[in-house]
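What follows is one structure encoded as structure tokens, with my remarks underneath.
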Amino acid sequence: QVQLVESGGGLVQPGGSLRLSCAASGSGFSFYSLAWYRQAPGSQRDLVASVGPYGNRNYADSVKGRFTISRDNAKTTVYLQMSSLKPEDTGVYSCNAKSGATEYWGKGTLVTVSS
């Protein structure tokens, strides 16, 4: 069993930066693929970025060059560094851990980009 707890969300002006963290408890963290998803108001939840067990990363086209996902297996934490934020980045950001058919979700943290 893995529990995921996100933190770091908040209100930020356009062009600003935020770093989200997702702390995991439980075993086997280093074997999981980790990802951040975003759900904007009235929209479905979309993949923002992912990092595999060997460090391979993928990003949604809308965040390439602005967001960076990283993982620290020693701290069992995954991060999402967000810069040059836009109003359309607003949403609830949720952390996901997946290994085979096993999948876990955090409850999410709200990011609001507004002046």
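The values are calculated or read from the model by the stated rules, or taken from the named source; none is laboratory data. Note that the coordinates shown come from a computational prediction; the quantities given were computed from them, not determined experimentally. Cβ atoms come from the backbone with ideal geometry, glycine included; neighbour counts cover every protein chain shown. Note: areas computed on protein heavy atoms with side chains; ligands, DNA, RNA excluded. Shrake-Rupley method; radii C 1.70, N 1.55, O 1.52, S 1.80 Å.
Brief remarks follow.
- Inter-residue pairs, beta-carbon under 9 Å, first more than 13 Å from E6 (Cβ to Cβ) and in contact (Cβ under 8 Å) with a residue 24 or more places away in the chain and in region 35-47, second open to solvent by less than 90 Å² (accessible area, probe 1.4 Å) and among the β-branched types (V, I, T), 6+ apart: A40/T90; A40/V92; P41/T90; P41/V92; R45/V92
Table: residues versus (1) at pLDDT 95 or above; (2) farther than 18 Å from G8 by Cα; (3) open to solvent by 50 Å² or more (accessible area, probe 1.4 Å).
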| position | (1), (2), (3) |
| --- | --- |
| W36 | yes, no, no |
| Q39 | yes, no, yes |
| N58 | yes, yes, yes |
| F67 | yes, no, no |
| C95 | yes, no, no |
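- Scanning region 59-69 for residues that are out of contact with any Leu (no Cβ under 8 Å at 6 or more places or on another chain) and under 17 Å from L20 (Cα atoms) returns Y59, V63, K64, G65.
- Filter result for A23 (part of a loop (DSSP other than H, G, I, E, B) and open to solvent by 40 Å² or more (accessible area, probe 1.4 Å)): no
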